[in-house]
Each structure stands twice: as structure tokens, then as C-alpha cells.
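Below: one structure, written as C-alpha cells.
The values are calculated or read from the model by the stated rules, or taken from the named source; none is laboratory data. Please read all numbers here as calculations on a predicted model, not as lab measurements. Cβ sites come from the backbone with ideal geometry, for glycine too, and all protein chains shown count toward neighbours.
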Amino acid sequence: MMQNSEQHSHRRRYQGSMQTSIKNTLREWENEVAQSLTEGFRQLFASSSEVLLEFADAAENNRLQAMFFDAQREFYLKEETIIGEFERNLRDQLLLITRSSGGAAGLGADTLSLVEVEDYERSLALETIAKRTIDRQLSELHGLAQRLSALLGGRPLAIDQVPGNPMQIMRFFDPASRKLDVEKEVRLVFYTLFDRYVMSRLGALYASLNHRLVDMGILPNIKFEYQRFGRGDAAGGRAADGAGQVLDQDSEHGAAQEAGAAAISPLHPTTPTSAETLSAISSLLAERRRHEQATVEPLSTSVPISATAASVDEAIADERVLGEAPIPLPIPSGPPGAKVVAIDAVLLKKVQMALQKQRQIIKSLVGKERLDRREEDIIDIVGMLFEAMLNEELLANSVKTLLSHLHTRYLKIAVQSEDFLENSAHPARRLFERMLDAGIKWVREDKLRAGIYPQLQEIVTRVLGHKTLDDAFFEAQIAELDSAEKKLEQQSTAAEDRTLEAERGRARLEQAKAIVKQTVDEITADIEVSPAVITFLSTTYADYLTLLLLRSNLDTESNAWSNAYSVGEALIAAAVYVAGGQPLGPEMREDLNRRLEGSVGSLIPHHEQNIRRVIEALDAEPEKAVKAPAAPPPSLEQPTPRPRAVERTAAAAEEAQPERPAGTEDQRVADKLMREAGNWFVMQNTDAKGEQAVKLLWVNPHTRNMLFVDQHGAKVALMPAISVAQKIREGVIRPKQAEASSFVARSLRRIRRALEDSVNA
């Protein structure tokens with residue numbers, strides 16, 4: 001009997017230990033799931049900008065393009081809200097088996113099934129993703145269902161009751177995704193990204209838990225039998241009910257799943273090739289010419305233009321092209337920036353009209369009879385590319401005008417070269433695009449000398465004057481541009497370092513002053529003594545403390561800081577003693593003078609006169625504005641321990657943030673911005689004229705102030721994170737997206753959309 005009792009007791013202890021171990025394992029796995037899926041969600045948002053940009057570039061019309069551009073901003077603003085809600089749902093509801101006293105209670109289908117949604121299409125798309133994930137991970141899910149069933153005393157457990165099953169994850173995802181205020185097309189892209197970056201992680205997570213349970217001896221040898229089902233048995237959640245039956249991974253999906261799959265758009269848009277786009281543009285141009293033929297006004301020039309050129313090449317070389325339609329502003333001669341001409345919207349409009357007139361004159365010189373459709377298309381398309389360049393918001397007006405001088409030269413290149421418009425690697429095309437990109441990045445209207453404008457000016461001059469424009473010539477210009485950009489990168493990095501160090505220095509000084517003010521206020525709290533003492537503490541003594549903090553990197557825990565604090569307390573103690581009607585006395589006077597000279601006087605010797613004055617004020621007849629109680633002679637030798645409030649001064653200064661209450665949308669965006677140092681943004685200029693690219697160089701972790709610099713590393717703005725978030729919401733600031741394709745490719749697609757809108761109007 002005794003032996004049986006001991007065995008029974010041992011068994012109970014073992015079972016209790018096993019249950020604890022299992023619950024700990026499940027809780028660890030729950031945390032792993034939450035961390036992994038949340039990380040995947042963040043990767044989703046990090047990649048979404050580029051994906052949406054690709055969709056915008058490939059959009060068939062302006063409405064769709066604007067929709068994807070707007071979605072970029074919506075994704076950015078709502079990222080933290082969506083991820084936060086998803087993670088909270090995961091952690092609050094994921095592993096209900098560990099929180100249920102009644103075993104599987106709480107794991108029922110009613111709890112874990114996809115919540116009802118108003119939009120059937122949305123529900124269908126989410127279910128489709130979930131079921132595809134079930135199909136991919138069926139063996140792992142079956143193993144979990146069997147092993148968790150064993151832990152629950154053998155009660156059958158279906159796949160849709162397994163914690164973290166795909167349907168449950170979609171239940172957590174759906175309400176979070178509804179925070180996005182986007183069109184259906186964008187939402188489907190979002191779902192596809194979720195499938196790629198989040199749902200794809202589930203297989204490894206299921207395998208991880210299976211391995212842990214196997215290591216604990218829970219059904220280590222279960223086998224899987226695959227049975228083939230017809231279309232009517234395709235519901236993955238019903239297949240694995242504890243009997244060991246699973247769906248064949250090659251089985252067909254049900255009708256609903258097929259419908260849902262059709263509703264989900266591909267992750268990447270089908271971008272037409274340049275050849276396809278050009279073919280479409282050619283057809284649209286022909287259609288537009290037919291519509292405009294009856295309304296075209298005669299060419300307006302100072303002299304009649306007749307068809308005298310034998311070819312387009314000859315027409316482009318005709319002096320009348322530039323003579324009749326010159327660029328309003330010639331290429332600057334001499335040092336760039338020596339004479340800056342303000343180029344406003346009016347002048348740019350004149351440039352645009354001049355380029356249009358040049359093309360009209362070229363066509364007139366050739367004549368309709370000799371001008372074939374291909375040549376006319378090329379003239380029009382290149383012209384529209386230059387107009388797109390003139391409309392580039394981030395490109396300085398000086399560069400726009402400068403590059404406009406290449407208009408006729410590039411018309412000739414495009415006519416002579418069969419693949420100029422189709423081949424992104426064409427040297428002449430690459431040079432033009434590189435010059436445009438360099439102009440956006442390295443030219444500021446008010447700092448032409450500092451950027452890449454001198455090199456651009458030289459390259460334009462050479463292109464216009466060089467007789468042989470072969471590939472080697474263009475490659476040489478590209479190499480020169482690369483070299484100039486590399487030097488500017490180095491200069492920009494050095495300037496950023498200087499700007500950052502200066503701003504950090506100012507921030508340290510402000511923080512030190514905040515700590516010192518609080519310290520002086522702490523020392524003098526509720527004490528009224530001689531005004532001379534208060535003045536000394538708030539000026540000379542404050543300067544001493546500030547310098548001490550700056551030299552110690554704001555260390556308020558050092559012995560030096562404690563001693564410095566005790567000096568201020570000693571002065572206050574002496575002042576209170578004197579205010580009580582007691583004379584300072586020679587010994588006390590000597591001790592106080594020694595301590596002030598040894599601390600304040602040693603660090604800032606130019607304040608010796610102020611030290612003498614404050615001691616002399618204590619020696620004089622005490623001012624009794626407030627009658628202080630008689631006090632015992634102060635002890636000036638022993639440092640006074642720092643009060644707790646003073647020990648918190650550094651932390652208090654760090655926590656002082658000009659922020660809105662936590663929980664607002666702006667606050668969540670501000671928190672997101674704290675992790676984005678090094679990213680580029682587009683900011684409207686303060687005069688509301690144009691925009692400029694700015695880099696978030698540094699985020700002060702104490703004040704949450706954000707330092708923005710321009711391409712040259714010069715300071716542009718310093719503002720609190722909450723203000724930046726507000727400006728992002730208002731559209732004054734927006735994240736700068738990396739372009740998914742080249743300028744010519746983007747412009748060709750936009751030209752196509754514009755022509756389609758024009759023809760269909």
C-alpha cells in the first residue's frame with residue numbers, strides 16, 4: 001500500500017510538472033508566433049511603397065495612378081495603427097488553450113472562425129488566402145491537431161480549432177486591414193502582400209511547435225495518409241478531424257475558393273514593354289491628329305516656313321529652327337552662379353512654347369509629303385518627354401532651362417537611332433536620365449555653385465558642340481558625371497557630420513540647461529534669502545553646473561556632480577543662517593570661500609569677482625525681507641546628500657517632450673518616424689513655391705526633435721516628431737519613394753495615359 005501511494009504521488013508530481021512544461025512551451029510558442037508575424041507585417045509595409053509605385057507606373061489611366069499614389073500615403077499613415085491592432089489581437093486571443101480551465105473550451109469554431117464581413121468579395125478573398133495556406137501546411141496542421149487533441153484527453157480537434165490556424169490569423173487580420181481607407185484594387189494588393197510576408201511564415205511556426213511537442217514525447221510517431229477528394233470535399237478544416245485523414249495537396253479547390261482566387265490581383269502589375277507602349281502611343285497620336293486636323297491653326301512664325309528640307313536631319317540642322325524659336329535663356333557663360341537669373345513659371349512656359357515651336361518648324365521644313373509617320377511620332381514623343389522634364393516638381397528651374405537646350409539635338413538622336421526610345425541602356429538616353437536625376441539630387445536654385453550644376457553646364461555645352469555623338473562620347477560624359485557625383489557624396493557626408501555635431505551640441509546644451517535650472521530650483525525651493533545669493537546661484541553657479549555637465553556628458557550620478565550640488569546647498573545654508581540674524585564669522589567665511597573657489601572658481605576663473613561679491617553680501621547687514629528662523633551654524637565640510645528629486649533631473653529633462661497625448665493617429669505616426677532616421681522625404685518650401693527633397697538626418701531621443709537636411713547636408717528644419725506627423729497628414733511632408741523605373745519609361749506610360757484621356761474625352 002505504501003509503495004502504491006508513493007507511486008501514485010510520484011505520478012501526480014510528474015503529471016503536474018509535465019502540464020506546467022507543456023503550458024510553458026505553448027506560451028513560448030505563442031510569443032514566437034506574435035513576434036514572427038508582426039515582423040512579417042512590418043516587412044509588408046516596408047515593401048508596399050515600391051509595389052504600389054509599380055502599380056501606379058503601370059496604371060492605365062490617371063484615376064488609377066492617383067489611387068495608387070494616394071494609397072502610398074495611406075499605408076504610411078496607418079502602418080502603426082494596423083500593426084498594433086493585429087499584434088494585440090494575436091497576443092490577446094491566439095493561444096486560448098493555455099487560458100482555458102475547461103480544456104478545449106474557447107477553441108470552438110464559433111470563436112475561431114472568420115468573423116462575418118459585410119463585403120462578400122473581401123471575405124472570399126481572405127478565405128481563399130487562408131485555405132491556400134491550409135493546403136500548403138496541411139501535414140503540419142494535422143500533426144498539431146493530433147498532438148493538441150492528445151493533450152486535451154483525446155477530444156477530437158479539427159484544423160480550424162488549432163491555435164494560430166490560417167482562418168484564425170485572418171480573423172485577427174481582417175479588422176486591422178479595414179483601417180485602410182483604400183479602393184478595392186489596392187485592398188486586394190494589400191491582401192496579396194499579407195499572404196507573401198505574413199502567412200508564408202506559418203509553416204515554419206507550425207513545424208517549430210510540432211518539433212517541441214515531439215521532443216516532449218507527445219505522439220512522436222503519427223503518420224499521415226493522403227486521400228484524394230472531389231470538388232465537394234475541399235474544405236481543409238473538415239479533413240483533419242483527428243482520424244488521420246488529410247486533403248491531397250494536389251486536390252482541386254472548391255468553387256468558392258476559385259472565385260476568391262480570381263478576386264485577388266497579382267502582386268506585380270503586368271507592365272507593358274517599351275515597344276508595346278510606343279506602339280500604343282503611335283496609334284493614339286494618329287487618332288489625335290485625325291481629331292485635330294480640322295482645328296489646327298497655321299504655324300505662327302516671323303517668316304513663312306516652306307518645305308525646303310530633304311530630311312528631318314536636314315531640317316533640324318536648319319538655322320531657322322533656333323532662330324525662329326530660341327530658348328528664352330541662353331546657356332550661362334562663365335562661373336555658374338556668378339549671375340543667377342530667376343526662372344519663374346512664366347519663363348518656363350516660354351521655354352515650353354519655344355520647344356513646341358521648334359518641332360512645328362521642323363515638321364514644316366520637311367513637309368507633310370516627305371515626313372513619314374515614324375518620324376512625326378518620334379518628334380512628338382521626344383517633345384512630350386521634354387515637357388515631362390519641365391513639369392518635374394523636384395528639378396530646379398535652372399536645370400530645366402539648361403536641359404531644354406538639348407531638345408533639337410535629342411530629336412536628331414532619336415530619329416537616327418532605332419532603339420533610343422525602347423532601349424533603356426542606350427548611352428544617349430542614359431546620359432539624359434542621369435543628368436536629370438543628378439539635377440534633382442544635387443542642384444539648389446540658390447546654391448548653383450555648390451552642386452552639380454557646373455558639370456551639367458559643361459556636359460550640355462559639349463553635347464551641343466561635339467560633331468561625333470557616338471556611344472563612346474556619351475559614356476565619357478556619364479563617367480564624368482559619376483565622378484562629380486561621388487565627390488558631392490563625400491562633401492555631403494562631411495557636411496552632414498558637421499551639421500549633426502552642431503545640432504547635437506546645441507541639444508546637449510539645452511538639456512544641460514534644463515537639468516541645471518531644475519537643480520537650482522530644487523536648492524532654492526521655498527527659501528527666501530539675499531537677492532545677491534539668488535543671483536549668484538542662477539548665473540555664476542548655473543554656468544558652473546552647465547559646464548560641468550557638458551564635460552561629463554550630462555552625468556548627474558558622478559561624485560563631481562554630487563560635490564557641485566553640495567556647494568550650492570552650502571551657500572544656501574550660509575545665507576539662511578545669516579538671514580536668521582547670525583553673523584557669518586571668519587571661520588565660516590573662510591570655509592565657504594575655499595569651497596566656492598575650489599569648485600566654481602577652478603572651472604570658471606573669470607567669475608572670481610562674483611564669488612567675492614556674494615560672500616561680501618553675506619558679511620553685510622542681512623536683508624530680512626522674510627524673517628528666517630535662527631539656524632545652527634551650517635556644516636560646510638560634509639557634502640549634503642542629493643535629494644531624490646534632484647537625482648531625477650536628468651531623466652526629467654529627457655522626458656520633456658512637446659507631444660500630443662499618446663494614442664492619437666499623429667502620435668502613432670510620430671512614433672514610427674522615430675525609427676526612420678536616414679530616410680528621405682519631400683517637403684513643401686516655406687514660401688509654398690515648389691518642393692525639395694530632405695533627409696531625416698537625426699532624431700533626438702530625449703526631445704523627439706527631428707533634424708532635416710538637404711542634399712548638401714545643410715540644415716533645413718528642426719521640428720518635433722508630432723509636428724512632422726501632422727504635416728505628413730496635411731500633405732506638407734511626404735515620404736520620398738524610390739522610383740521603380742527610369743524617367744523615360746515612366747514618362748512614356750504617363751504619355752500613353754494622357755493621350756488615352758485626350759482621345760476619349
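Please find, within region 448-491, the residue that is surrounded by the most Cβ atoms within 10 Å (Cβ to Cβ) out of those that are aromatic (Phe, Trp, Tyr) and out of contact with any Gly (no Cβ under 8 Å at 6 or more places or on another chain). The selected residue is PHE474.
Determine if region 441-452 includes at least one residue that is assigned to a helix (DSSP H, G or I), touching a Pro at 6+ places or on another chain (Cβ under 8 Å) and among the aromatic types (Phe, Trp, Tyr).
Checked against the condition, which is being assigned to a helix (DSSP H, G or I), touching a Pro at 6+ places or on another chain (Cβ under 8 Å) and among the aromatic types (Phe, Trp, Tyr), region 441-452 yields no hits at all.
Taken together, the criteria place ARG63 among residues that are more than 22 Å from PHE172 (Cβ to Cβ) and without any contact (Cβ under 8 Å) to a residue 40 or more places away in the chain.
Taking the listed residues LYS357, LYS368, the one that is surrounded by fewer than 20 Cβ atoms within 10 Å (Cβ to Cβ) and farther than 26 Å from SER279 by Cβ is LYS357, with no other qualifying. Checking the structure you have, find out if any residue of region 418-426 is within 30 Å of ALA307 (Cα to Cα), buried (at least 19 other Cβ atoms within 10 Å of the Cβ) and out of contact with any Pro (no Cβ under 8 Å at 6 or more places or on another chain). Yes; the residues of region 418-426 include at least one that is within 30 Å of ALA307 (Cα to Cα), buried (at least 19 other Cβ atoms within 10 Å of the Cβ) and out of contact with any Pro (no Cβ under 8 Å at 6 or more places or on another chain). State whether one or more residues within region 670-684 are without any contact (Cβ under 8 Å) to a residue 60 or more places away in the chain, crowded, with 19+ Cβ neighbours inside 10 Å, in contact with a strand residue (DSSP E or B) (Cβ under 9 Å, 6 or more places away or on another chain) and of a type in the set (Lys, Arg). No.
Among helices (runs of 4 or more DSSP H) entirely within region 602-697, having at least 1 residues that are charged (D, E, K, R), at pLDDT 50 or above and over 20 Å from LEU537 (Cα atoms) singles out 665-673.
Let's see how each residue does on (1) over 23 Å from ALA476 (Cβ atoms); (2) of a type outside the set (Val, Ile, Thr); (3) assigned to a helix (DSSP H, G or I):
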residue: PHE386; (1), (2), (3): yes, yes, yes
residue: LYS400; (1), (2), (3): yes, yes, yes
residue: LYS412; (1), (2), (3): no, yes, yes
residue: PHE420; (1), (2), (3): no, yes, no
residue: SER424; (1), (2), (3): no, yes, no
residue: GLU433; (1), (2), (3): no, yes, yes
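One residue is enough: does region 480-498 have a residue meeting the conditions touching a Ser or Thr at 6+ places or on another chain (Cβ under 8 Å) and in contact (Cβ under 8 Å) with a residue 60 or more places away in the chain? No: zero hits.
I want to confirm something. Restricting to region 728-751 and keeping residues that are touching a residue at least 40 places away in the same chain (Cβ under 8 Å) and more than 30 Å from GLU276 (Cα to Cα), which single residue is nearest to the chain's Cα centre (by Cα)? This residue is PRO735.
For region 548-601, filtering for residues that are part of a loop (DSSP other than H, G, I, E, B) and touching a His at 6+ places or on another chain (Cβ under 9 Å) leaves 0. Pairs linking a residue in region 518-531 that is under 23 Å from ASP619 (Cα atoms) to a residue that is hydroxyl-bearing (Ser, Thr, Tyr), with Cβ atoms under 8 Å and 6 or more positions apart or on different chains, are VAL520/SER538; VAL520/TYR541; ILE523/TYR565. ARG88 meets the conditions (1) free of Cβ contacts under 8 Å to residues at least 40 places away in the same chain; (2) of a type outside the set (A, V, I, L, M, F, W, C); (3) outside the structural domain of ASN210 (by TED's automatic domain parsing) in every case but one. The failed one is (3). PHE708 falls short on exactly one of the conditions (1) closer than 30 Å to ASP181 by Cα; (2) in contact (Cβ under 8 Å) with a residue 60 or more places away in the chain; (3) not basic (Lys, Arg), and that condition is (2).
Can you tell me which residue within region 182-226, out of those that are hydroxyl-bearing (Ser, Thr, Tyr) and in a helix (DSSP H, G or I), is surrounded by the fewest Cβ atoms within 10 Å (Cβ to Cβ)?
Looking at the filtered set, the residue picked out is SER200.
Among the residues of region 508-531, the ones that are aliphatic (A, V, I, L, M), assigned to a helix (DSSP H, G or I) and surrounded by 17 or more Cβ atoms within 10 Å (Cβ to Cβ) come to 6 in all. Taking residues in region 190-210 that are within 14 Å of ALA130 (Cβ to Cβ), and partners anywhere that are crowded, with 21+ Cβ neighbours inside 10 Å and aromatic (Phe, Trp, Tyr), the pairs with Cβ atoms closer than 8 Å and at least 6 places apart or on different chains are PHE194/PHE41; PHE194/PHE173; VAL198/PHE41; VAL198/PHE173. Among the residues of region 56-79, those identified as modelled with pLDDT under 85 and part of a helix (DSSP H, G or I) are ALA56, ASP57, ASN62, ARG63, LEU64, GLN65, ALA66, PHE69.
Taking the condition of being crowded, with 20+ Cβ neighbours inside 10 Å and either in contact with a strand residue (DSSP E or B) (Cβ under 6 Å, 6 or more places away or on another chain) or part of a helix (DSSP H, G or I) (or both), how many residues in region 141-176 meet it? Step through it out loud before you land on a result.
Just the residues of region 141-176 that are crowded, with 20+ Cβ neighbours inside 10 Å, to begin with: 141-149, 151, 157-170, 172-173, 176.
Those still in the list that are either in contact with a strand residue (DSSP E or B) (Cβ under 6 Å, 6 or more places away or on another chain) or part of a helix (DSSP H, G or I) (or both) too: 141-149, 151, 159-161, 166-170, 172-173, 176.
Qualifying residue count, region 141-176: 21.
On the given criteria, is THR703 surrounded by 15 or more Cβ atoms within 10 Å (Cβ to Cβ) and at pLDDT below 50? Taking the combined requirement at face value, the residue does not satisfy it.
When GLY505 is evaluated against the numbered criteria (1) within 28 Å of LEU718 (Cβ to Cβ); (2) buried (at least 17 other Cβ atoms within 10 Å of the Cβ), which criterion, by number, is the only one it fails? The failed condition is (2).
Residues of region 492-502 that are surrounded by fewer than 18 Cβ atoms within 10 Å (Cβ to Cβ) and out of contact with any Phe, Trp or Tyr (no Cβ under 6 Å at 6 or more places or on another chain): THR493, ALA494, ASP497, ARG498, GLU501, ALA502. Restricting attention to region 462-511, the residues that are in contact with a helix residue (DSSP H, G or I) (Cβ under 9 Å, 6 or more places away or on another chain) and of a type in the set (Val, Ile, Thr) total 2.
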